[in-house]
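Note sheet for the following structure.
The values are calculated or read from the model by the stated rules, or taken from the named source; none is laboratory data. Just so it is clear, the structure is predicted and the values come from calculations on it, not from any experiment. Virtual Cβ from ideal backbone geometry, glycine too; neighbours counted across all protein chains shown. Accessible surface is based on the protein model in full, side chains and every heavy atom, while ligands, DNA and RNA are left aside. Shrake-Rupley method; radii C 1.70, N 1.55, O 1.52, S 1.80 Å.
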Amino acid sequence: MNIFSPSRLTSGIRPTWNRFKSKLLLTYTLSYILIFLVPLTGVTYFIYHNAAVNLRSEIEQSNVNQLNQVKLTIDSHMTNLLEIASKISYDDRLTPYMVAHPLYSQEAIASLGQYQANNSLIEELFLYYHGDERIYSRLGVTDLDIVFGRTYRFERWQLPDVARALNDTKLTTVRPAEMVQVHSRSESLLSMIIPIKTNDPYPYGTVLYLMQESRLTGVMDTILTDFSGSSYIFDASGEMLTANYRGDALRGQDLTSLTELEPGIHSMALSGERYSVVTVKSSVNGWTYATAIPSYQFFEQVGQIRTVILLVFSVTALIGICAATLIARRQYHPIRNLLEFASLGSMSKETSRSRNEWDWIKQTIHDYHARIDMQEPYVRNQCLMLLFKHDKPDDPEIEQMIRQSGLMLPAQARVFTIILSWDKESRSGHSWDEQQELRQWLTHRELPELQARIYGVEFSVKQQMALMVTLLPTPPGEEGLGRVRQVVAHLDEQLAARLAIRPNLGVGTVYEDLSGLHQSFLEAASALDQRILTASGRIAYFEELTELSATAVASGSYWLPKKSLLKLEQSLKQGNESAAVELISTLIEDIKRQTLSVGLLRCLCFDVLNSLLRTAAELGVDVHDEIGSLHAFETLEELEDRLRMLAGRICGAATYQTETAQPTLMDEIVAYVDQNYADYTLSLEHVALKYDISTSYLSRSFKDKTGCNFTQYIWQLRLREVTHQLVHTSAPLKDIIERVGYLDAPNFIRKFKKETGHTPGQYRKLHSGGGTDEGDEADERDS
């Protein structure tokens with residue numbers, strides 16, 4: 001029997017394939033169902049939640065409007081009571097003499113009855129004169145102790161307290177509602193005491209109103225018709241005057257908390273439940289009106305809406321599940337055909353080593369993803385150089401690269417620059433391996449004890465390194481220059497432990513955003529230059545550079561900040577034209593904002609001009625022919641245009657000098673390429689950025705130096721190493737190609753055959769005297 005017959009092979013594949021197919025189809029079906037149900041659930045919840053919120057908002061706004069109406073109505077009554085008291089104080093019939101006179105007292109008593117009838121809230125009106133033992137009302141004249149000892153017996157307000165209040169009250173006072181025994185019945189009454197004459201510092205009497213609480217709450221009930229909670233009135237001191245309960249009453253601290261609220265709508269927890277509280281405040285007497293509605297009442301009113309929404313959701317979900325199943329089956333057909341082809345066509349040992357075709361596809365994607373991850377340091381270095389040399393870009397793609405490289409600042413974090421520089425003698429004392437190790441060590445450092453992190457990149461032919469230092473948010477009081485010094489000191493100690501000769505450090509200013517990083521870079525470079533000029537030590541802080549403050553130091557005097565001029569000079573020396581132009585514009589704008597004499601203004605302009613001329617002289621740029629035209633300017637705008645043109649010329653000269661200053665630059669670049677050709681991220685742009693020269697100059701000079709262009713040179717280095725390893729090692733071809741920095745093996749094999757006339761496997765067989773490796777043959781067939 002032929003065990004390799006097609007029928008037996010197909011029968012062996014089918015059970016595995018069916019199980020695999022059913023799993024994949026189920027996964028697709030569930031995915032489409034979830035894709036449909038998740039948004040549907042979200043939209044349904046949004047609609048339901050929005051309906052509940054809108055209903056609640058309408059009810060709360062209705063309560064606000066009704067409560068404002070209550071406030072206006074009660075304020076109107078209170079104002080009327082004050083007006084009645086004022087009229088009584090000026091009524092000739094109600095003077096102490098008239099009410100005590102036998103002939104006129106009856107008329108006075110009758111007039112009190114008329115006043116009482118003017119306000120529906122008044123249960124009883126009393127008129128009292130200081131020092132008198134009698135009190136007057138519409139019923140006549142009665143002794144004070146009889147009225148408040150027998151007729152009106154207050155639960156908490158005793159007769160001595162009543163007499164004292166009537167004689168000593170200087171301001172209008174309202175007492176909270178309390179139970180009063182009136183003859184044989186009990187009533188809840190509020191008391192309002194108004195001294196007369198009103199607003200007189202020395203009143204001679206008092207008007208006392210007794211008001212039934214039920215009448216006051218009746219006013220509230222009449223207006224709050226659709227209200228389902230409790231309502232309260234508090235005086236200006238926060239004491240509750242009256243309340244109308246529809247449900248559970250609030251007590252203690254919960255009640256006190258209502259008086260502390262600002263006018264408006266509030267959601268808060270009271271007595272262990274959520275309440276919607278509405279408060280308004282009277283501008284007449286300072287009273288606060290509040291309503292409290294339990295939150296669950298809002299949701300009881302959306303019960304019908306919830307039922308309808310759930311019904312629609314259920315029907316839609318059922319239809320959607322059926323549609324998702326059909327779509328999943330249709331979308332599954334191309335993948336089924338692909339997997340069937342792979343399962344029938346992959347009979348090599350590579351297939352037998354894999355669990356299934358889908359795992360093989362996933363593993364392939366994973367391998368490519370791993371290769372992409374290896375490029376992250378290169379991308380991060382490019383982004384760092386971009387941030388150091390230029391402003392934060394507006395390009396969304398570059399911004400995304402910065403974010404993915406981990407360079408984006410967290411919330412409330414700050415950033416500054418440190419530049420590491422070695423003297424010429426110190427640079428020569430470091431071996432290549434030591435330099436590479438230091439670069440790798442400074443690529444990314446975490447300083448958890450200082451809440452800081454460091455990203456570093458080498459940026460110049462002088463082997464200088466620029467460090468981006470991120471200061472993570474810390475508690476208040478730990479910011480400022482002191483924290484920067486701690487980070488610098490910590491870094492300096494770690495460098496001392498690793499290096500025999502420590503570098504010089506230039507430290508820039510701290511900025512709140514990445515857009516200020518290039519400014520901090522210029523400041524750090526300026527600090528290094530000033531350190532050299534002033535011999536101030538290995539570590540130089542830009543913040544410590546002396547400057548005249550850009551403020552008026554005397555009447556009519558003003559000077560440009562020295563730090564700004566130093567940054568301008570540094571940007572010119574580095575050939576950073578965009579930064580130089582921005583600084584020139586900033587300085588001119590600062591001058592424009594000052595009110596200066598013509599002479600002082602021209603002196604300040606000459607300060608800016610002299611900074612450019614001084615830098616031009618240091619760089620050897622001849623501008624003598626232009627000095628006359630530069631001094632002859634009529635407006636600041638004209639000067640700014642000329643300064644921009646001069647800055648562009650100086651920056652161009654600085655860039656050219658950087659490219660041509662050192663005769664050994666190209667030797668150093670070639671040596672760098674010779675040692676790093678196996679780095680798959682190596683490119684013309686990367687080397688140009690590293691050595692701070694243009695790509696066009698590098699391409700031209702590299703060809704002049706080596707006789708071939710940059711790409712051809714790297715290809716020859718890689719080809720030479722591959723041929724060496726093919727002859728002297730037994731490593732698989734795929735591994736050899738990856739070791740020399742080539743990721744596209746098929747393309748390499750085609751170029752190898754074109755260059756040598758043989759495939760790598762044939763070359764190994766011809767020159768090593770051995771057989772061709774099976775793995776090499778498989779790799780060549782795949783290509």
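Per-structure values
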read-out: Per-peptide average of other Cβ atoms within 10 Å, ordering 247-257, 183-193 highest first; value: 183-193, 247-257
read-out: Cβ-derived FRET efficiency at R0 56 Å, R644 paired with N80, nearest 0.05; value: 0.15
read-out: From phi via Karplus (6.51, -1.76, 1.60), per-residue ³J(HN,Hα) for region 607-612 in Hz, x at Gly/Pro; value: 4, 5, 4, 5, 4, 5
read-out: Inter-centroid distance (Cα atoms) of region 162-224 relative to region 608-625, Å; value: 90 Å
read-out: Estimated inter-spin distance, E437 and A323, nm [label 7 Å along Cα→Cβ]; value: 6.6 nm
read-out: About the Cα centre, charge dipole magnitude for region 26-92 (Lys/Arg +1, Asp/Glu -1 at Cβ), debye; value: 480 debye
read-out: In order through region 316-327: 3J(HN,Hα) via Karplus (6.51 cos²θ - 1.76 cosθ + 1.60), integer Hz, x for Gly, Pro; value: 5, 5, 5, 5, x, 5, 4, 5, 5, 5, 5, 5
read-out: Summed residue charge, Cβ within 12 Å of D145's Cβ, Lys/Arg positive, Asp/Glu negative; value: +1
read-out: Theoretical gain in end-to-end length, Q657 to S237 [0.36 nm per residue, Cα-Cα removed]; value: 143.2 nm
read-out: Low-density loop positions, GluC sites (Glu not before Pro), region 81-164 - DSSP coil, at most 15 other Cβ in 10 Å; value: E133, E155
read-out: Violating pairs (Cα-Cα greater than 23 angstrom) within the set K389/K563; K392/K573; K392/K563; K690/K754; K392/K690; value: K690/K754
read-out: Stretch gain in nm, segment R134-S585, where the contour uses 0.36 nm per residue and the Cα spacing is subtracted; value: 153.6 nm
read-out: Cα centroid of region 42-104 to Cα centroid of region 228-260, whole Å; value: 16 Å
read-out: Rough spin-label spacing in nm, given labels placed 7 Å along Cα→Cβ, for E107 and E493; value: 10.1 nm
read-out: Estimated FRET transfer efficiency (L743, Q716; beta-carbon r; R0 30 Å; 0.05); value: 0.95
read-out: Heavy-atom accessible area order for H490, H728, largest first, 1.4 Å probe; value: H728, H490
read-out: Simple label model, 7 Å out from Cα along Cβ direction - R185 to R150, nm; value: 2.0 nm
read-out: Protection proxy ranking of 491-497, 147-153 - average other beta-carbon atoms within 10 Å, highest first; value: 147-153, 491-497
read-out: Entries of K170/K281; K567/K592; K170/K197; K87/K197 with Cα pairs more than 18 Å apart; value: K170/K281; K567/K592
read-out: Packing rank of 631-643, 169-181, where each peptide gets the mean count of other beta carbons within 10 Å, highest leading; value: 169-181, 631-643
read-out: Cβ-derived FRET efficiency at R0 56 Å, V43 paired with D622, nearest 0.05; value: 0.20
